[in-house]
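Here's the structure, in structure tokens; my notes come after.
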Amino acid sequence: MRTQSLALAVAGSLLPGTALAHYNFESLIVNGEATQPYEYVRRTKNSNSPVEDVTSASIVCNVGGNDADVRAATKTHPVSPGDEVGFDINSELGHPGPLYVYMSRAPEGVAASDYLGDGDWFKVYALTTSAIDPDTGLEWATFPGNQGGAQNFTFTLPEDLPPGEYLMRGEHIGLHGAGQVGGAQFYMGCAQLSVSGSGSGSPAPTAKFPGAYSAEDPGILIGIYWPPPQEYISPGPGVWPEDCEDHTLNSWGAESDGNCNPLP
Ligand SMILES: *[C@@H]1O[C@H](CO)[C@@H](O)[C@H](O)[C@H]1NC(C)=O
């Protein structure tokens, strides 16, 4: 294992073009304020490399994200339903693909920093295509002009979100190599949140990580270049509370236009 990851690290450093496009979910954004990198987001021990095996334990909170030392070094941020939250990325979402945010509540009496994310997850935000062109296929809201990557994003926490200790898992899927099984790249980070208030919703549908994804889901095994796809089917459960996808990026610092914009 160790030799293999060293070999991969060396191979990665010889391919600066690929490594440079990699990215981390490093900072939590709450109501327009960014926090320090890995202050409230569990640090990854994977440098900035993606997870490629959807059945791996690392699909939950990235490599090392459930380790005791990482959890102990991560603070838990108080938030309220209706807060605008998001992630600042190191350095940018450098590949074409969709963006999702999942949440999972720790069992009663378990702190977010002790929670391993082995309970139920629901999808609370989805940001997918910004356009579908008959000739060129899918364009991505996080990848304007099929070249520039978004550096940050925000969305609004649902008003009915029940109080408790949570993990909030931001995820971007790089689909540039996804035409082969195992070729999709999963980039993710878990923030630790303490949700206050009296929200009484019942988030659903839910799924487990690993388990939410299969390597052959149509949104994970997909050749995005040729022939140009004319639809994109998101992997994992639908979004709670409104089963919708956003098609416009809400940038940190810009006024939000809501979480459910239709394709133009
Ligand atoms: C958020 O990201 C966009 C690019 O996606 C960038 O132009 C903007 O400066 C970033 N906002 C902040 C506050 O850093």
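Can you give the calculated 222 nm mean residue ellipticity of the chain, where each DSSP H run of n ≥ 4 adds -39,500 (n - 2.57) and the sum is split over every residue, rounded to the nearest 500 deg cm²/dmol?
Calculated at 222 nm, the ellipticity per residue is -2000 deg cm²/dmol.
Ignoring ligands, DNA and RNA, what accessible area per residue does region 2-195 give at 1.4 Å, in Å²?
39
Hey, any idea what the orientation-averaged projected area of the convex hull of region 78-183's Cα atoms comes to, in nm²?
About 8.4 nm², averaged over all directions.
In whole percent, how big is the carbon plus sulfur part of the accessible area of region 2-195, probe 1.4 Å, protein atoms only?
Ligands and nucleic acids excluded, carbon and sulfur give 50 percent.
Rg and Dmax of region 2-195 over Cα atoms: what are they, in angstrom?
Expressed in Å, the Cα Rg and Dmax of region 2-195 come to 16.6, 53.
What three numbers, in Å, describe the spread of the alpha carbons of region 70-114 along their principal axes, ordered from the longest?
40, 28, 16
With only alpha-carbon atoms counted, please give the Rg and Dmax of region 105-259, in Å.
16.6, 53
Would you mind calculating the gained length between residue 194 and residue 111 on full extension (0.36 nm times residue separation, minus the Cα-Cα distance), in nm to one decimal?
Once the chain is fully extended between residue 194 and residue 111, it gains 29.0 nm.
The values are calculated or read from the model by the stated rules, or taken from the named source; none is laboratory data. Since this is a predicted model, take the numbers as computed values, not measurements. Quick note on the areas: whole protein, heavy atoms, side chains included, nothing else; ligands and nucleic acids left out. Shrake-Rupley method; radii C 1.70, N 1.55, O 1.52, S 1.80 Å.
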